[in-house]
1. Need one word for region 259-437: rounded, prolate or oblate. Basis is the Cα gyration tensor (sqrt eigenvalues a ≥ b ≥ c); a/c below 1.5 gives rounded, then a/b vs b/c decides.
2. With everything on Cα atoms, drop me the angle between helix 403-414 and the longest principal axis of the chain, reported from 0 to 90° to the nearest 10.
3. For region 360-442, which GluC sites (Glu not before Pro) pass both filters: DSSP loop (anything but H, G, I, E, B) and at most 10 other C-beta atoms within 10 Å?
4. For a quick check: with amide H placed at 1.01 Å from N, whose amide H comes under 5 Å from residue 96's, ignoring anything fewer than 5 positions away on the same chain?
5. Report the Cα-based extents of region 1-58 along its three principal axes, largest first, to the nearest Å.
6. Whose amide H sits under 5 Å from the amide H of residue 199, counting only residues 5 or more places off or on another chain, with H placed in the peptide plane?
7. Kindly provide the trypsin sites (Lys or Arg not before Pro) of region 194-248 that DSSP labels as loop, not H, G, I, E or B, and whose Cβ sees at most 14 other Cβ atoms within 10 Å.
8. Please list the non-local residues whose amide H lies under 5 Å from the amide H of residue 53, H modeled 1.01 Å from N, same-chain partners needing a gap of 5 or more.
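We did not get these values from a lab; they are worked out from the coordinates using the rules stated. These numbers were taken from a predicted model, which means no experiment stands behind them. Here the Cβ positions follow ideal geometry from the backbone for every residue, glycine too, while neighbour counts run over all protein chains shown.
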Amino acid sequence: MSAGQLPARLSRAIAFPGQAAPPVRMVHLGLGAFHRSHQAWYTHHAGDASEWGIAAFTGRRPRAADILAEQDGVFTLVERSGAADSFEVIGSIVEAVDGADVKRLAELIAAPATVVVTLTITEAAYAAAGDETPLARLVAALAARKDADAGPIAVVSCDNLSGNGTVARKAVQAIAEAADPALGQWIRVNVSFVGTSVDRITPRTTPADLVEVAEQCGYRDEAAVVAEPFRNWVLSGDFPGGRPRWEDAGAVFVDDLEPYENRKLWLLNGAHSILAYAGLVRGHTTVAEALADEVCRAAVEAFWDEASRHLSGKALDVPGYRQALLERFGNSRIAHHLSQIATDGSTKLRMRALPVLAAERAQGRSGDGAARMIASWIAYVSATEDVQDPLAEDIRTAKTHDGEQRTAALLALINPGLAEDTALLSHIHRQQSAIDAARTHA
Ligand code: CS2
């Protein structure tokens, strides 16, 4: 390449010369960075990868699909450890489609060859209503599969929700029943819902990352994704039409998902939420920065001590998991922005803080660490103008109150019962006032 000449754009022919793209047998809803670093990575590394292509649909905007389609679905995964970056082209996505293209979605879901649908549609989307939600689109496409008599299919939720398989099943079933009871019945018999716990820290790609890929790899890749080296996938459920051999890539299949799910949701995601809210009010930007602040770190450890009491079973190796998390969060070469984690708090805290708070209080303890996660969220939303949350409007209304009344109104958005418990309300209000005071004096 001579000086001034732009490197060629990445394509399947450049990355995998002479190799045919795998046929579509999976559909994904929610084509974002996490899908690319996780399910697409596992599928690419399955022993039978050449048989499993993914058609991935975007959520709200077509942009990610346009960019990926221009490079035949292939993209670079930049694996960023604390010491160095390594680069790998992932070829499992073979079609990238605008989520609004419901015709293509129905065509693909109605094809007998398609036997797996994975979802990364955000926690909040499972409760959302309307025809344009990912689950409403999925139900419409399942109706096409029923009409085509294309056989059974598995739906695999990869969102950070407790009992995500069950939540997905209930939501899909409710939409289907309302539209057509016969469709509801068909889904009951033909669609299995697989629960999973997914894990890989994937910060937003930056322009500097794209420049680095061009320099290091010698091609332009507008869809490159950066992720930590660690990844984990635990699944539970049936795949009536088959699935890629994800176990070859380290995925684990279990009968009882709940202990793994709780470990991930409470220890990793719970700590993330504490670092996000406590960290942002204390002026930090990234996870690694917040963790280096003694006050945030102590809040994380206190919550972990509480959560750990309710994670039983040697197989979980909670001490080892906590130690590994400190290293993962401390990887300062990964700029994981707290503002990215801070979104949708009203939904996330229900899964990350409330179960631990309830379990601690049921055993006669205060649940102080879990309560502080909630108090940090209240301090954060109180101090922030445009909070991104499915309940953003209600948060704005709650903020028209002052003092303990404001705390009560915000708490009620997470769970009405919390605000009615006057002892808990004053406890969280005191914690929140202390967080505010510390911030003023910081
Ligand atoms: C984070 C997760 O944004 C968030 O709420 O806690 O996206 C987290 O990075 C992933 O679950 C890691 O696997």
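1. Oblate is the answer for region 259-437, as a/c is 1.5 or above yet b/c matches or exceeds a/b.
2. 30 degrees
3. For GluC sites (Glu not before Pro) across region 360-442 that sit outside H, G, I, E and B with at most 10 neighbouring Cβ atoms in 10 Å, the list reads 385.
4. Counting only residues 5 or more places away or on other chains, the set is 56.
5. The principal-axis extents, from largest down, are 41, 26, 16 Å.
6. Under 5 Å from the amide H of residue 199: 232.
7. On the way: sites: 200, 204, 220, 231, 245; in loops: 200, 204, 231, 245.
In loop regions of region 194-248 (DSSP not H, G, I, E or B), the sparsely surrounded trypsin sites (Lys or Arg not before Pro) are 204.
8. 24, 25, 26
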